[in-house]
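Participant: Mind having a look at this structure? Questions to follow.
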Amino acid sequence: MKLSKMHLKTLREVPNEAEIPSHILLLRTGMIRKLVSGVYGFMPLGWRSVRKIEDIIRQEMDAAGGQEIHMSAVQPAELWEESGRWFAYGPELWRLKDRNGREFCLGPTHEEIFTDIVRNDVASHRQLPLNLYQIQTKYRDEARPRFGLMRSREFIMKDAYSFDKDEAGLDQSYQEMYDAYDKIFTRCGLTFRPVEADSGAIGGSNSHEFTALSEVGESEIAYCESCSMAATTERAECVDAPAQNDVEMLALEDVHTPGTKTIEEVAGFLGLDESQTMKALLFVTYDEEGKENGYVAAFVRGDRELNMTKLVNALDIPEHSIEFADEEKMAEACGCVGGFTGPVGLHDCKIVVDSELVGLKNLVAGANKENYHTKNVNYGRDYEGDIVVDLKVLQEGDACPVCGAPVKHARGIEVGQVFKLGTKYSDSMGAYYKDENMKDQLIVMGCYGIGVTRTLAAVVEQHHDENGIIWPMSVAPYHVIITVMKPDDEVQAEVADKIYTDLMKAGAEVMLDDRKERPGVKFKDADLLGIPIRITVGRGAADGIVEYKMRRDADKIEISVEDAITKAVTTINEEK
């Protein structure tokens, strides 16, 4: 493609709305175009890279036995009501009504639709296993869309669904998709780590998230270098401190602690380590109609952080149906006092206790009266929990739950996730097959998603420098850019056209910068766009010499026209 005929608009200045490199560079290169907050269109170069990611996905999904279909993004509410997710999915579900008042949603995912297809089409065990997938636009009404393609309201996703006779079949399908994802993200040029993850609103018994490592990622993962443990901090299990079975319980003692509302303040006032205190967090929950459904008090050791995902899972409620309580209102109902709340004497609320607190002795907790704390609070004697469960965030340096070595943290971008759904949807929606004895059996399901447009952003996050994008060959919009110093020079134009024609005949995808711009402008655009190979046609053209440079390298070399063509074709074939 000749740049003189290409629809291309690059920006010299950083857009005000853009905060992270991928967002900045995709806007500056003109690869994406913002319509409204969280909604982006794709311009020619950006769309070419999206299609290349899709092609990689299709190749690996087809090789793993997947069959591509395409369903509507508009989904009837009845199917979501059957599965129980019309409320559970929360406000991110983009709801709408037609002119007759019938309710629909714009699909954020398609478990219900694919389950409906299979329950109508599959009757016999002979038709299983089955794997269907699609690449399609999805919608989530994000409260705070940000970071460009990272968290948007409209995005492209590959979602696949496996259907098996039993758990053993699901295990095999899950592993096949896990392996396919490993190949997909490797081919896209990503440095990534598969980690155990929470299933969230999708549900199911087991899940892994494929995380592209990046400091700007919203996923935080904990991993161990001494063993294979790796999980999102939402999912990572924690090791409780050793139980203090040989420590004598001391008598309760209320202590005047004026103005000490934080753990740091009360521990400092009493001369204690924060691990000898107990932290209270107060919440209110809501029912399906948005009405208050009761209060919750969660307790963890003072130096710990509460893991909200673990709390939501323990309560078995959607994450959107809980928020921090109004302390004054909760005080009237439950006897708590903001900043001085403890478990002793609380009433009319659900008490959720971190499992670690059960074995610890003589902790300091709020006394449920202003400016007072209680010393020597002990589980079992002084209070009990309605739910006792691991509520902690696995922090950096904590013991690995598998081998005990100190864990490390890293940030990353979730580019894909695989789930073992089991019979969650087939049970609620009645998806059965006839076994060998003609008895009805529930179909066992898995689902597997890849954020196509988020993968594009993740690639840019991992492959850029201060001058622009550095595309991996496999997903670059073009393989080669030919920069002509003087397009009006007949010799340079002739040499450039030869390289352009010969490379395209060899199967290369080529941009020819024949614009009547200053060389500096062309070089800046070439670096900004990040095309992997740059061949510059300048003064040496008369002698059959051009400049050859890889975008990822600082060095450039002068070689003959023929050698440049051969070298480019060889590199493309090795790397694409």
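Participant: Which of the following residues is surrounded by fewer than 24 Cβ atoms within 10 Å (Cβ to Cβ) and under 25 Å from the mean Cα position of the chain (by Cα): Asp382, Asp435, Asp398?
Facilitator: It is Asp398.
Participant: Suppose the filter is buried (at least 21 other Cβ atoms within 10 Å of the Cβ) and β-branched (Val, Ile, Thr); does Val358 pass it?
Facilitator: Here the answer is no, as Val358 does not meet what is asked.
Participant: Which of the residues that make up the range 34-56 are under 23 Å from Asn16 (Cα atoms), among the β-branched types (Val, Ile, Thr) and in a helix (DSSP H, G or I)?
Facilitator: Matches in the range 34-56: none.
Participant: Which residues, taken from the range 305-352, are touching a His at 6+ places or on another chain (Cβ under 9 Å) and either among the basic types (Lys, Arg) or in a loop (DSSP other than H, G, I, E, B) (or both)?
Facilitator: Gly335, Phe340, Gly342
Participant: Would you tally the residues in the range 84-94 being at pLDDT 95 or above and more than 23 Å from Gly38 (Cβ to Cβ)?
Facilitator: Total satisfying the criteria: 0.
Participant: Just need a number here: residues in the range 88-116 that are assigned to a helix (DSSP H, G or I), among the hydrophobic types (A, V, I, L, M, F, W, C) and touching a strand residue (DSSP E or B) at 6+ places or on another chain (Cβ under 9 Å).
Facilitator: Residues meeting the conditions: 2.
Participant: Of all residues in the range 549-570, which are hydroxyl-bearing (Ser, Thr, Tyr) and surrounded by 18 or more Cβ atoms within 10 Å (Cβ to Cβ)?
Facilitator: Within the range 549-570, none qualify.
Participant: Looking at the range 147-164, is at least one residue open to solvent by less than 10 Å² (accessible area, probe 1.4 Å), in contact (Cβ under 8 Å) with a residue 12 or more places away in the chain and among the basic types (Lys, Arg)?
Facilitator: Checking the range 147-164: at least one residue is open to solvent by less than 10 Å² (accessible area, probe 1.4 Å), in contact (Cβ under 8 Å) with a residue 12 or more places away in the chain and among the basic types (Lys, Arg).
Participant: Here is a follow-up. Mind checking whether some residue in the range 241-253 is assigned to a strand (DSSP E or B) and either within 30 Å of Tyr89 (Cβ to Cβ) or of a type outside the set (Lys, Arg) (or both)?
Facilitator: Yes - at least one qualifying residue is present in the range 241-253.
Conditions tested, residue by residue: (1) under 28 Å from the mean Cα position of the chain (by Cα); (2) open to solvent by 10 Å² or more (accessible area, probe 1.4 Å); (3) within 30 Å of Tyr425 (Cβ to Cβ); (4) without any contact (Cβ under 8 Å) to a residue 40 or more places away in the chain.
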position	(1), (2), (3), (4)
Met445	yes, no, yes, no
Ile450	yes, no, yes, no
Thr453	yes, no, yes, no
Ala458	yes, no, yes, no
Asn467	yes, yes, no, no
Met485	no, yes, no, no
Val491	no, yes, no, no
Lys505	no, yes, no, yes
Asp513	no, no, no, no
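Participant: Does any residue of the range 19-33 turn out to be assigned to a loop (DSSP other than H, G, I, E, B), modelled with pLDDT of 95 or more and polar (S, T, N, Q)?
Facilitator: The answer is yes, given that some residue of the range 19-33 is assigned to a loop (DSSP other than H, G, I, E, B), modelled with pLDDT of 95 or more and polar (S, T, N, Q).
Participant: Using beta carbons and a limit of 8 Å, which pairs, at least six apart or on different chains, have the first residue in the range 236-260 and touching a residue at least 60 places away in the same chain (Cβ under 8 Å) and the second one among the hydroxyl-bearing types (Ser, Thr, Tyr) and open to solvent by 60 Å² or more (accessible area, probe 1.4 Å)?
Facilitator: Pairs found: Asp254/Tyr372; Val255/Tyr372; His256/Tyr372; Thr257/Tyr372.
Participant: Scan the range 256-270 and tell me whether some residue there is touching a Gly at 6+ places or on another chain (Cβ under 6 Å) and among the hydrophobic types (A, V, I, L, M, F, W, C).
Facilitator: yes
Participant: A follow-up question, please. Here's a check for you: in the range 283-301, which residue that is in contact with a strand residue (DSSP E or B) (Cβ under 9 Å, 6 or more places away or on another chain) and touching a residue at least 60 places away in the same chain (Cβ under 8 Å) is nearest to Met249 (Cα to Cα)?
Facilitator: Arg301
Participant: Right, something else. Is it the case that Arg144 is under 28 Å from Gly46 (Cβ atoms), of a type in the set (D, E, K, R) and not in a strand (DSSP E or B)?
Facilitator: Yes: the conditions hold for Arg144.
Participant: Evaluate the following for Asn293: is it of a type outside the set (Ser, Thr, Tyr), part of a strand (DSSP E or B), open to solvent by 30 Å² or more (accessible area, probe 1.4 Å) and at pLDDT below 95?
Facilitator: yes
Participant: Kindly list the number of the only condition in (1) among the hydroxyl-bearing types (Ser, Thr, Tyr); (2) in a strand (DSSP E or B); (3) open to solvent by 10 Å² or more (accessible area, probe 1.4 Å) that fails for Tyr500.
Facilitator: The single condition Tyr500 does not satisfy is (2).
Participant: Scan Ala568, Ala526 and give me the residue that is in contact with an Asp or Glu (Cβ under 8 Å, 6 or more places away or on another chain), at pLDDT 95 or above and not β-branched (Val, Ile, Thr).
Facilitator: Every option except Ala526 fails the conditions.
The values are calculated or read from the model by the stated rules, or taken from the named source; none is laboratory data. All values derive from a computational prediction rather than experimental measurement. With ideal geometry, Cβ positions are generated from the backbone for all residues, glycine too; neighbour counts draw on all protein chains shown. All accessible areas refer to the heavy atoms of the entire protein, side chains included, with ligands and DNA or RNA removed. Shrake-Rupley method; radii C 1.70, N 1.55, O 1.52, S 1.80 Å.
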